[in-house]
Amino acid sequence: MRVILRFIALVVVWAVTLFGRAISYIFPQTYCDVIENNWGIVIPTDEGYSEEVSADSGASFHGDGTRYHVMYFDDAERISVLLGWSDEIPESVVDYSEQLLDELDINYRPDYESCVFYTQTKSDGSVILIFWDESRQEMYVLEEFF
């Protein structure tokens with residue numbers, strides 16, 4: 001009887017794993033979905049969206065580290081009114097961004113003078129910096145988690 005229960009438990013675990021993988025294949029998650037889950041920022045990806053660059057500092061036990069993504073959007077107007085963009089980027093933000101991008105060894109960087117930006121910080125010190133270059137229709141997202 002015990003062998004049968006173990007076999008049933010094994011089949012259930014296998015079925016749940018298979019079902020989870022099938023769901024993630026049918027409904028793939030974009031990085032914008034991750035941003036929404038982590039920060040509550042909804043970035044539209046219904047059409048004309050592509051991820052151009054993706055980098056991170058590697059896996060860690062607590063999920064801390066740095067992530068960087070560059071996304072292209074066909075519809076620049078939707079993004080231009082998406083957030084409370086700031087027209088002036090403080091030099092400290094540029095320096096901080098450059099430091100993080102140096103650590104990730106990234107060459108594809110925002111042209112800060114052409115960008116507007118948005119930032120949000122969590123109580124644990126984690127921060128997201130979003131730069132939007134309307135002329136290139138590119139969004140640069142830099143996150144640091146603690």
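The values are calculated or read from the model by the stated rules, or taken from the named source; none is laboratory data. Please read all numbers here as calculations on a predicted model, not as lab measurements. As a convention, Cβ positions derive from the backbone with ideal geometry for all residues, glycine included, and neighbour counts pool all protein chains shown. Only protein heavy atoms, including side chains, enter the accessible area calculation; ligands, DNA and RNA are left aside. Shrake-Rupley method; radii C 1.70, N 1.55, O 1.52, S 1.80 Å.
Per atom type, segment 6-114 shows carbon and sulfur on 54% of its accessible surface, probed at 1.4 Å.
Per residue, the solvent-accessible area of the chain (1.4 Å probe, heavy atoms of protein chains only, all protein chains present) comes to 64 Å².
Surface listing: L18, L101 arranged by accessible area from highest to lowest gives L18, L101, probe 1.4 Å. Karplus-based coupling profile of segment 36-53, in residue order and whole Hz: 4, 5, 7, 10, x, 9, 9, 10, x, 10, 5, 7, x, 10, 8, 8, 9, 9, with θ = phi - 60° in 6.51 cos²θ - 1.76 cosθ + 1.60 and x standing for Gly or Pro. Our coupling estimate for segment 88-102, obtained by passing each phi through the Karplus curve with A = 6.51, B = -1.76, C = 1.60 and θ = phi - 60°, is 10, 9, x, 4, 5, 5, 4, 4, 4, 4, 4, 4, 5, 5, 4 Hz, Gly and Pro reported as x.
The loop-placed GluC sites (Glu not before Pro) in segment 49-114, going by DSSP, that have at most 10 neighbouring Cβ atoms within 10 Å of their Cβ come out as E88. Couplings for segment 56-66, taken from phi via the Karplus curve 6.51 cos²θ - 1.76 cosθ + 1.60 with θ = phi - 60°, read 8, 7, x, 5, 9, 4, 9, x, 7, x, 10 Hz in order; Gly and Pro are left as x.
Our helix-only sum for the chain, with -39,500 (n - 2.57) per DSSP H run of n ≥ 4 divided by its residues, gives a mean residue ellipticity at 222 nm of -11500 deg cm²/dmol.
The figure for V16 is an accessible area of roughly 100 square angstrom, using a 1.4 Å probe on the protein chains alone.
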